[in-house]
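Structure first, commentary second.
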């Protein structure tokens, strides 16, 4: 199984609340680039789980524009910046084993994305995510642990 953990694109710093911060134009471009990278490198995504925060929702929309249809899409209220990575790990194990998803994308925030990579991988690496970066984890559903395959940011992508 492949799990892709993505940080939202660049967001505006001015908003009534943190949850309502929208993406900048650059953030939309970053998310679109990662969507194209996912299309090329993952081909299809079976399920996408998205933070309820506006910038994560907008990031997911931009990625989905590049990917096309995804079989399952869900907004998950406990994948916001300060949520518990162990809870997210347990949720992914439960839903993915039940639904037999092979490629899952989760769109969230720092620091959760960094902590979640550590939670899901056997070496407990906590990479720092640039905006719109995505970590690819080769995940063993039997062991409930995986290996970090790559961490890609929009700066790493050449779409020409």
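The values are calculated or read from the model by the stated rules, or taken from the named source; none is laboratory data. Please read these numbers as outputs of a predicted model, since none were measured by experiment. Note: ideal-geometry Cβ built from the backbone for every residue, glycine included; neighbour counts use all protein chains shown.
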Go through 72, 115 for me and flag whichever is farther than 15 Å from residue 8 by Cβ, within 15 Å of the chain's Cα centre (by Cα) and at pLDDT below 95. 72
The residue from 52, 16 that alone is closer than 18 Å to residue 112 by Cα and in a loop (DSSP other than H, G, I, E, B) is 52
What are the pairs, 6+ residues apart or on separate chains, where a residue within the stretch 134-146 that is without any contact (Cβ under 8 Å) to a residue 12 or more places away in the chain has its Cβ under 6 Å from a residue that is in a strand (DSSP E or B)? none
Look through 27, 35 and report the one residue that is out of contact with any strand residue (DSSP E or B) (no Cβ under 7 Å at 6 or more places or on another chain) and surrounded by 18 or more Cβ atoms within 10 Å (Cβ to Cβ). 35
Residue match in the stretch 148-155 (condition: closer than 17 Å to residue 28 by Cα, in contact with a helix residue (DSSP H, G or I) (Cβ under 7 Å, 6 or more places away or on another chain) and assigned to a helix (DSSP H, G or I)): yes
